[in-house]
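The structure under discussion appears below in the form of structure tokens.
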Amino acid sequence: MTASELVLPTCDFTVFGATGDLALRKLLPGLYQREREHQLPEGTRIIGVSRSDLGDDGYRDMVSEALHEHLADDDLEAGAMHRLLSRIHYLSLDAASGDDWHQLHGLLKDRPAKDGKDPEKDVVRVYYLAVASHLFGRICERLDDLGLATPNSRIVLEKPIGHDLASSQRINDAIGQVFDESQIFRIDHYLGKESVQNLLVTRFANVFLEPLWSSRWVDHVKITVSESLGLEGRAGYYDDAGALRDMVQNHLLQMLCLVAMEPPTQVGGNGDSVRDEKLKVLRALAPLTGADVDTATVRGQYTTYAEELLRPSNTETYVALRAEIQNWRWAGVPFYLRTGKRLARKESRIDVVFKTPDHAMFPGSEGGTTPNQLTIRMQPDEGMQLHVTAKQPGPGGIRLVPVSLDLSYDSAFAERCPDPYERLLMDVMRGIQTLFMRRDEVEAAWSWVEPILDRWDEMPVEPVRYHPGSEGPAAADRLLARDGRSWSETTA
Ligand code: BG6
């Protein structure tokens, strides 16, 4: 049975924040794609909840417009569109206040009799909270008061959970009063990217990398998530968060974990085996505190940020940092992380750069050995490249040149690369937690990030400026240059 054939249970999929950007750009298109594959079982309903005063039809129109906007023309099929829209209901409800919740109660409890499903036992209730994290506790409390948080229910939370360790603990405590950890799905959509999952497969379904995967042969690791866009209508949230909370605390640290973790006993099941190993990595990160923060981190802001925000601000839109993992496998290997907005290009990648041979075997050869490098490309063009040194064909002496073995998903596989949300939504419905963050992971990540935030607060230096469309601040280049390394590719 292939993954796409795995049977889904009948669900009532309730989205809080249903008119927001995430719901319309990612969640509904993701559900549509599964509808197209006939994967959503009969009786599954999608219930949009938000404050806007729309009826079922008004929301269906909004969803239809969003699907036309966010999906490729080739993906739009009238039949699938009709089937999806007919599953949709809409409730106008203020998540923060107590009014109107009885409507949700009514809808969830009174399923159409023709289904013959017991709403308490036969239907999985998914509550997707695409709203600010300070509302999470309140929503869970209301679901509990109304008896809607049944053992068959799951709650999905968007990152970042909280603003720091204490607020994240408060939120997790409030959710934990109502839902068991096995019912809580904390989304980090980077874990749903095909290439990120493939990193696990490459490492653990093959043998060739394992002997090389340590400080014995790895020189350093670079993780880059660069974006060309800026605030995109999220100024309120973003200016409060900044790049460290928005990207590093979750996406970049999660990728670092997948590169660095020990082999889990299995990938699958309830996911704890993978999550246990990721947690060990987070806990082994060398703390960055006090003056170390000044030398090991770079905070940047693009020069037109205040103009876009319509007020001055010290929030960072760029972070670069040097991390180390204090364990047997990785001691002494720097992990360089960088992320920023309004940079030259949209690109996410992991580069594992290996050491060069100790002994020069080709004296007198032209060219030189370049370090082997494994690059995992998340975007654009998901795939993997292995950079090696080869002999340039030709008579006479030996000329060494860097070449790359290239796996592009697009050309290697006929299947469409699904959007990460598509995959993650299916896992929520099936109850598979491997690709979701457990509470202890989220809190370990906050514990590591918090002293950096504290230092930046204590020593309120202005972020270094970089020009929109550039490669980012020069200080980020100096961070690596100090170690004799560079962000740029040195290989083919
Ligand atoms: C989100 C951040 O989690 O990830 C955004 O909140 C960011 O600020 C986005 O733009 C990047 O995701 P992707 O998949 O487009 O790289």
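Data for the structure
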| item | result |
| --- | --- |
| Residue ID - surrounded by the most Cβ atoms within 10 Å (Cβ to Cβ), chosen from residues in region 212-238 that are at pLDDT below 95 and not in a loop (DSSP other than H, G, I, E, B) | TYR238 |
| Meets criteria (of a type in the set (A, V, I, L, M, F, W, C) and within 16 Å of the ligand (Cβ to nearest atom)) for ALA235 | yes |
| Candidates VAL207, VAL201 - the one that is part of a helix (DSSP H, G or I), among the aliphatic types (A, V, I, L, M), away from the ligand (no atom under 16 Å from the Cβ) and surrounded by fewer than 16 Cβ atoms within 10 Å (Cβ to Cβ) | VAL201 |
| Residues that are closer than 30 Å to GLY30 by Cβ and surrounded by fewer than 16 Cβ atoms within 10 Å (Cβ to Cβ), drawn from region 380-416 | PRO380, ASP381, SER408, ASP410, SER411, ALA412, PHE413, ALA414, GLU415, ARG416 |
| Residues that are away from the ligand (no atom under 16 Å from the Cβ) and in a loop (DSSP other than H, G, I, E, B), drawn from region 172-198 | GLN177, VAL178, PHE179, ASP180 |
| Near pairs, Cβ below 7 angstrom, 6+ apart or cross-chain, from region 154-168 (under 16 Å from MET426 (Cα atoms) and free of Cβ contacts under 8 Å to residues at least 60 places away in the same chain) to any residue that is within 16 Å of the ligand (Cβ to nearest atom) and part of a loop (DSSP other than H, G, I, E, B) | LEU157/ILE187 |
| Every pair of residues 6+ apart whose Cβ atoms lie under 7 Å, when the first sits in region 245-256 and is touching a residue at least 40 places away in the same chain (Cβ under 8 Å) while the second is of a type in the set (Lys, Arg) and within 11 Å of the ligand (Cβ to nearest atom) | ASN250/LYS159 |
| GLU308 vs. criteria within 16 Å of the ligand (Cβ to nearest atom), more than 21 Å from the chain's Cα centre (by Cα) and surrounded by fewer than 24 Cβ atoms within 10 Å (Cβ to Cβ) | yes |
| Pair list, Cβ under 8 Å, 6 or more apart: region 88-108 residue within 18 Å of ALA132 (Cβ to Cβ), other residue exposed (fewer than 12 other Cβ atoms within 10 Å of the Cβ) and of a type in the set (Asp, Glu) | LEU93/ASP99 |
| Residues located in region 124-141, provided they are crowded, with 20+ Cβ neighbours inside 10 Å and more than 23 Å from LEU24 (Cβ to Cβ) | CYS140 |
| Residues that are touching an Asp or Glu at 6+ places or on another chain (Cβ under 8 Å) and within 20 Å of MET378 (Cβ to Cβ), drawn from region 151-185 | LYS159, PRO160 |
| Residue match in region 330-343 (condition: of a type in the set (D, E, K, R), closer than 27 Å to THR303 by Cα and more than 16 Å from the ligand (Cβ to nearest atom)) | no |
| Residues that are at negative phi, of a type in the set (Asp, Glu) and either assigned to a loop (DSSP other than H, G, I, E, B) or in contact (Cβ under 8 Å) with a residue 40 or more places away in the chain (or both), drawn from region 328-383 | GLU347, ASP351, ASP358, GLU382 |
| Subset of region 279-323 [under 21 Å from LEU229 (Cβ atoms), hydroxyl-bearing (Ser, Thr, Tyr) and assigned to a loop (DSSP other than H, G, I, E, B)] | THR303, THR304, SER313, THR315, THR317 |
| Test set (1) touching an Asp or Glu at 6+ places or on another chain (Cβ under 7 Å); (2) more than 26 Å from ASP180 (Cβ to Cβ) - ALA130 fails condition number | (2) |
| Subset of region 157-171 [of a type in the set (S, T, N, Q) and either within 16 Å of the ligand (Cβ to nearest atom) or in contact with a Phe, Trp or Tyr (Cβ under 6 Å, 6 or more places away or on another chain) (or both)] | SER168 |
| Qualifying position, being away from the ligand (no atom under 16 Å from the Cβ) and among the aliphatic types (A, V, I, L, M), among ALA474, ALA445 | ALA474 |
| Entirely in region 1-113, the strands (runs of 3 or more DSSP E) that have 2 or more residues that are within 19 Å of GLY147 (Cα to Cα) and within 25 Å of the chain's Cα centre (by Cα) | 11-16, 45-50 |
| Of all residues in region 247-267 being among the polar types (S, T, N, Q) and not in a helix (DSSP H, G or I), the one that is nearest to the ligand (Cβ to nearest atom) | GLN266 |
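Conditions tested, residue by residue: (1) modelled with pLDDT under 95; (2) aliphatic (A, V, I, L, M); (3) touching an Asp or Glu at 6+ places or on another chain (Cβ under 9 Å); (4) more than 16 Å from the ligand (Cβ to nearest atom).
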| position | (1), (2), (3), (4) |
| --- | --- |
| ALA360 | yes, yes, no, yes |
| SER365 | yes, no, no, yes |
| GLY397 | yes, no, yes, yes |
| SER404 | yes, no, no, yes |
| TYR409 | yes, no, yes, no |
| ARG416 | yes, no, yes, yes |
| PRO420 | yes, no, yes, no |
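The values are calculated or read from the model by the stated rules, or taken from the named source; none is laboratory data. If you're wondering where the values come from, they're calculated on a predicted model, not measured in any experiment. Don't worry about glycine lacking a Cβ; one is built from the backbone with ideal geometry, like all the others, and counts go over all protein chains shown.
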